[in-house]
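Asks: First, the structure itself, so that you have it in front of you.
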There are 2 protein chains.
Amino acid sequence: MQENEKPSRPTLEQLGEFGLIKHLTQGFQLSHKSTLKAIGDDAAIIDPESHEIVVTTDLLVEGVHFDLSYMPLKHLGYKAVIVNLSDVYAMNVQATQITMSIAVSNRFGLDALEAFYDGVKAACDLYKVDLVGGDTTSSTKGMLISVTAIGMSKASKIVKRSGAKPNDLLVVSGDIGGAYLGLQVLEREKEVFKVNPNNQPDLEPYTYIVERQLKPEARKDIIELLEQLEVQPTAMIDISDGLSSEILHLCEQSEVGCNLFEDKIPLDPTVINAAEEFKMDSTLIALSGGEDYELLFTIDQSDYPKIKANPNLTVIGHMTEAREGAHLVTRADTKIPLQAQGWNSFGGKN
Amino acid sequence: MQENEKPSRPTLEQLGEFGLIKHLTQGFQLSHKSTLKAIGDDAAIIDPESHEIVVTTDLLVEGVHFDLSYMPLKHLGYKAVIVNLSDVYAMNVQATQITMSIAVSNRFGLDALEAFYDGVKAACDLYKVDLVGGDTTSSTKGMLISVTAIGMSKASKIVKRSGAKPNDLLVVSGDIGGAYLGLQVLEREKEVFKVNPNNQPDLEPYTYIVERQLKPEARKDIIELLEQLEVQPTAMIDISDGLSSEILHLCEQSEVGCNLFEDKIPLDPTVINAAEEFKMDSTLIALSGGEDYELLFTIDQSDYPKIKANPNLTVIGHMTEAREGAHLVTRADTKIPLQAQGWNSFGGKN
């Protein structure tokens with residue numbers, strides 16, 4: 001072997017299933033004392049320390065939930081963790097542990113898996129969650145990712161979708177619609193690339209929305225903020241499918257109605273500009289776009305003074321009696337029934 | 001519509017993701033008071049009731065882990081639960097909750113998914129575990145299953161792979177090798193069927209081993225038995241990959257060696273007969289076959305009187321100092337080093 005030659009790397013077959021998991025997870029640190037045993041036994045052992053635990057799981061399929069032609073593997077690993085943490089935060093609970101399982105076809109080598117796990121590690125480090133288990137296997141086609149996230153909290157702090165009351169205020173964190181428009185930009189560039197592979201796309205004007213799509217963040221900070229502000233939401237959900245669909249979930253499970261005010265929906269200027277460019281209605285994008293991973297929650301009116309000055313939170317409506325239904329109140333002051341138009345992996349919008 | 005026509009069933013697309021989960025899981029009962037909130041929120045809520053929890057997860061891929069040409073979907077749903085429960089029992093812990101995620105291509109209709117969930121429900125009912133979450137999505141090809149299982153126990157009862165000491169006895173539940181030979185029978189019949197689709201296979205002589213493959217059971221009863229007998233294993237693992245590979249896991253993590261006695265390995269007469277028919281060595285099948293989901297554990301010698309009369313348990317060897325290594329002691333009284341030849345989804349035996 002020449003000196004400047006890279007030492008030959010083991011193949012997945014040579015590493016085997018156990019060797020591979022060991023190799024990919026060796027750099028991971030544990031940060032919770034509740035993690036009594038992580039990877040390496042039949043199961044992980046967790047000490048809930050007299051708390052309730054919450055558990056959520058997601059399955060992501062190449063070609064359905066992600067497209068590797070514009071999604072770098074490191075980003076994908078990061079995002080796969082984030083979307084699950086977001087579900088834990090949506091219970092008003094801090095996430096503590098995850099398991100990560102992937103299946104890959106033989107077109108993926110060790111470098112690809114390392115890049116993916118780099119992203120997983122970046123998310124685990126930033127959000128302080130411990131990787132405690134998982135499975136690495138082969139697939140006949142493409143890549144599949146399954147993540148389970150666990151969090152723990154006192155029962156009295158956990159927020160379900162079902163606690164909203166009439167007159168509660170409807171609040172959203174951050175701004176929405178960006179992730180969907182980021183996807184449109186990426187899809188357009190992919191088409192351009194197919195026609196002219198030498199074309200270098202200038203994504204700079206779209207940095208914010210492309211990043212919302214490729215590297216979303218989960219709102220751990222909002223959970224901490226609400227605790228600081230001493231605000232206990234009455235109901236909460238994360239925005240993975242689009243504002244409209246999430247509001248309807250809250251309404252259905254809390255047995256209330258809702259008035260959502262179009263002019264209150266927080267939109268980033270980049271979203272407004274890109275919507276114009278794509279000749280799309282920015283309100284419709286906010287209502288149906290999805291993948292923003294912001295938190296949507298309801299609070300008692302008496303908590304309004306605690307949140308009103310906060311730049312991270314926007315009151316976008318209020319809950320009503322169930323019989324009044326769920327409506328969008330437009331800028332022209334007309335009421336339009338809200339319809340679920342979120343993402344449906346079984347074909348188009350549902 | 002004619003009167004005798006079946007009412008038309010909704011398509012997956014019409015049901016949508018949320019409607020589909022609701023439809024498939026509506027018949028499931030909850031049996032644990034620790035399950036505070038099951039399906040229907042961002043996450044399930046579990047009250048560990050001052051216990052430690054264990055968490056394990058598995059990803060099963062069509063064409064890699066199962067073959068639908070001889071695996072009925074109901075059996076597959078059942079088996080997908082069982083293999084995960086087995087990992088919980090291997091910690092000496094009772095399983096309490098599972099999540100079930102599946103991705104299916106458009107060749108699967110509602111009937112197929114209902115059959116699969118019938119199997120999931122049968123396992124949940126028999127093993128008394130609550131289905132608390134999951135995900136149902138589409139795939140571009142084939143079927144994928146991801147299960148996470150949770151159990152809870154006092155910390156002092158949990159058994160890891162790492163507690164075996166020299167001179168501990170090595171014990172296995174039930175008998176082994178059947179699942180692997182069952183698979184050989186099914187593979188053979190599949191080849192016969194390809195040549196002559198009218199041939200009706202007579203599987204009757206193979207009932208036991210085919211059932212071991214298609215409808216394995218997890219040894220919840222052994223956990224209960226050990227508690228009754230007041231035996232606390234020092235280390236434990238379930239046999240999913242083959243006896244040899246599992247013994248080596250115990251040795252490595254407990255830092256001990258092992259002598260396994262060939263003549264003690266419990267084999268069902270059907271296994272011995274089928275091995276002869278397939279011209280395979282029955283010991284090799286037991287060592288490398290896998291998928292039996294029996295429990296393999298070590299106990300202190302002082303516990304031997306408690307287990308010795310029990311027909312469910314067989315002492316097959318004893319642990320030694322690490323430097324002595326792990327060996328099979330053959331019927332001819334020669335010592336052969338044990339090699340891991342368990343299942344490796346990345347290609348052949350590892």
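The values are calculated or read from the model by the stated rules, or taken from the named source; none is laboratory data. Since the structure is predicted, the reported quantities are computational estimates derived from the model, not experimental observations. Cβ atoms come from the backbone with ideal geometry, glycine included; neighbour counts cover every protein chain shown.
Asks: Regarding A:ASP303, is this residue crowded, with 17+ Cβ neighbours inside 10 Å, outside the structural domain of A:HIS65 (by TED's automatic domain parsing) and either at pLDDT below 95 or under 26 Å from A:LEU60 (Cβ atoms) (or both)?
Replies: No, not satisfied.
Asks: Going by the conditions given, is A:LEU59 in contact (Cβ under 8 Å) with a residue 24 or more places away in the chain and under 30 Å from A:LYS141 (Cβ atoms)? Walk me through how you get there before you give the answer.
Replies: Working: in contact (Cβ under 8 Å) with a residue 24 or more places away in the chain: yes; under 30 Å from A:LYS141 (Cβ atoms): yes.
For A:LEU59, the condition - in contact (Cβ under 8 Å) with a residue 24 or more places away in the chain and under 30 Å from A:LYS141 (Cβ atoms) - is met.
Asks: Let me ask something additional. Is it the case, given these coordinates, that B:GLN253 is under 14 Å from the mean Cα position of the chain (by Cα) and buried (at least 17 other Cβ atoms within 10 Å of the Cβ)?
Replies: no
Asks: Looking at A:GLY257, A:GLY178, can you tell me which residue is of a type outside the set (Lys, Arg), closer than 21 Å to A:ASN310 by Cβ and in the same structural domain as A:VAL315 (by TED's automatic domain parsing)?
Replies: After applying the criteria, what remains is A:GLY178.
Asks: The conditions are (1) under 21 Å from the mean Cα position of the chain (by Cα); (2) under 26 Å from B:GLY19 (Cα atoms); (3) of a type in the set (A, V, I, L, M, F, W, C), and A:LEU260 fails exactly one of them. Which is it?
Replies: Every listed condition holds for A:LEU260 apart from (1).
Asks: Please go through region A:117-151 and give me each residue that is over 22 Å from B:THR99 (Cβ atoms), more than 7 Å from chain B (Cβ to nearest Cβ) and not hydroxyl-bearing (Ser, Thr, Tyr), ordered by number. Let's see the steps before the verdict.
Replies: Of all residues in region A:117-151, those over 22 Å from B:THR99 (Cβ atoms) come to A:117-119, A:121-122, A:125-126, A:128, A:138, A:140-142.
Next cut, more than 7 Å from chain B (Cβ to nearest Cβ) only: A:117-119, A:121-122, A:125-126, A:128.
Scanning region A:117-151 gives A:ASP118, A:GLY119, A:LYS121, A:ALA122, A:ASP125, A:LEU126, A:LYS128.
Asks: Moving on to the next point. Could you please find all residues in region B:154-168 being more than 9 Å from every other protein chain (Cβ to nearest Cβ) and either among the hydroxyl-bearing types (Ser, Thr, Tyr) or over 30 Å from A:LEU36 (Cα atoms) (or both)?
Replies: The answer is B:SER156, and nothing else.
Asks: Also, I was wondering about something else. Give the residues of region B:238-250 that are surrounded by fewer than 24 Cβ atoms within 10 Å (Cβ to Cβ) and either in contact with a His (Cβ under 7 Å, 6 or more places away or on another chain) or in a loop (DSSP other than H, G, I, E, B) (or both), sorted by residue number.
Replies: Within region B:238-250, B:SER240 is the sole residue that qualifies.
Asks: For region B:280-332, enumerate the residues that are of a type in the set (Phe, Trp, Tyr) and out of contact with any strand residue (DSSP E or B) (no Cβ under 8 Å at 6 or more places or on another chain).
Replies: none
Asks: Same structure again: A:PRO233 - would you say it is under 30 Å from A:ILE307 (Cα atoms) and outside the structural domain of A:ASP67 (by TED's automatic domain parsing)?
Replies: So A:PRO233 passes the test.
Asks: Within region A:264-288, track down each residue that is surrounded by 24 or more Cβ atoms within 10 Å (Cβ to Cβ) and either among the β-branched types (Val, Ile, Thr) or closer than 30 Å to A:LEU229 by Cα (or both).
Replies: A:VAL271, A:ILE285, A:ALA286, A:LEU287, listed by residue number.
Asks: While we're on this one: Here's a check for you: in region A:39-97, which residue that is more than 9 Å from chain B (Cβ to nearest Cβ) and among the charged types (D, E, K, R) is farthest from the chain's Cα centre (by Cα)?
Replies: A:GLU49
Asks: Also, I was wondering about something else. Hey, any hits in region A:196-209 for a residue that's assigned by TED's automatic domain parsing to the domain that holds A:ILE307, in contact with a helix residue (DSSP H, G or I) (Cβ under 8 Å, 6 or more places away or on another chain), crowded, with 19+ Cβ neighbours inside 10 Å and not aromatic (Phe, Trp, Tyr)?
Replies: Yes, region A:196-209 has at least one match.
Asks: Still on this structure: Checking B:LEU15 against (1) in contact with a Ser or Thr (Cβ under 7 Å, 6 or more places away or on another chain); (2) within 8 Å of chain A (Cβ to nearest Cβ); (3) not β-branched (Val, Ile, Thr), only one condition comes out false. Which one?
Replies: Result: B:LEU15 fails condition (1) only.
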